1. Roughly how many nanometres apart are two label points built 7 Å out from the Cα toward the Cβ at Ile73 and Lys54?
2. Mind ranking Glu37, Glu99 by accessible surface for me, highest first, 1.4 Å probe?
3. With a 1.4 Å probe and all protein chains left in place, how much of the accessible area of the range 33-111 comes from carbon and sulfur atoms, in whole percent?
4. Go through the range 92-105 residue by residue and turn each phi into a ³J(HN,Hα) via Karplus (6.51, -1.76, 1.60, θ = phi - 60°); whole Hz please, and just put x for glycine and proline.
5. Sorted by accessible area (1.4 Å probe), largest first, how do Asp49, Asp101 line up?
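The values are calculated or read from the model by the stated rules, or taken from the named source; none is laboratory data. Since the structure is predicted, the reported quantities are computational estimates derived from the model, not experimental observations. Cβ placement follows ideal geometry from the backbone for every residue including glycine, while neighbour counts extend to all protein chains displayed. With ligands, DNA and RNA removed, areas are computed over all heavy atoms of the protein, side chains included. Shrake-Rupley method; radii C 1.70, N 1.55, O 1.52, S 1.80 Å.
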Amino acid sequence: MKKIYLLIIFIGVVCISFTPEIQAQADTVSRQPSKIEGLSIYPNPVNGDKLYIKSTKNLTKTVSIFTVLGQQILFKVLIGNELDISSLPPAVYVLRIKEGDKKATLKLVRN
């Protein structure tokens, strides 16, 4: 009886591993956009109220700032390179930047 259960479980696992949905998910991982060329943020850690974000192409960027728990607390469309973060209390944040079709995720420390 145990052998029949093990055989059924094995066949189920093999069938699930070859389904098209799972293979399609694996393909989307390889199609992720590349990182932003020449991206730099400074100063990090931040002591003041300004954060500077520069890249090689210097295009318009969308900047999202999240807490370490994943709550979005700031969203800005940045035309220049200066971001006002005076509303953020001292903590560690996750900074997500999108420029064109390229994305980058960085850690930001506010003292």
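1. 2.7 nm
2. Ranked from most to least accessible, the order is Glu37, Glu99.
3. On the range 33-111, the fraction of accessible area on carbon and sulfur atoms equals 53 percent.
4. 9, 10, 10, 10, 10, 10, 10, 10, x, 9, 9, 10, 8, 10
5. Accessible-area ranking of Asp49, Asp101, largest first: Asp101, Asp49.
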